[in-house]
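Since every read-out is calculated from the coordinates, none of them should be taken as a lab result. Given the structure is predicted, the values throughout are model-derived calculations rather than measurements. Cβ atoms come from the backbone with ideal geometry, glycine included; neighbour counts cover every protein chain shown.
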Amino acid sequence: MNLRFNDEEHKIVSRAAALAGLTPASYAAKVTVAVAKGELAPMPTGDADRIKAFSDAEVAFNRAHSNVNQAVKVLNQAALIATGEVLVVILEMRDQYDALRKELGEAAQRLLLAGLEAVPKRRRR
């Protein structure tokens, strides 16, 4: 299989590959397979879609953060010792919180990169 990019597309893929620490070919292969497997959704193309994707990630992050805070509050109020099942639940919530925080950061980075690509280049005089 061969992929063909115009100059602008190649710049975009090369920049994303560099951020991921991969060659452009490795990056394109990895992303293509991830999208085909449903592990990764294609990046939104319009500004409204980009903003919605970022907003969705932020909402998920805030929900996870709220859940962690609620669990800690219950434990503090009841003076419970975090052992056994309680500890497992807290650790799972912490993992979800960390994953969502990472997702939010990645969404913000994608939004920023998309915004940079959308900024018109200045003409030289």
> Which of the aspartates and glutamates could a cross-linker span from Lys52 if the Cα-Cα distance has to be under 17 Å and same-chain partners fewer than 8 positions apart are dropped?
Replying inline: Glu103, Glu106
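Can you give the FRET efficiency to the nearest 0.05 for Ser26 and Lys52, using r as the Cβ-Cβ distance and R₀ = 30 Å? The partial results should precede the final answer.
Values: r = 30 Å, r/R0 = 0.99.
With a Förster radius of 30 Å, E is 0.50.
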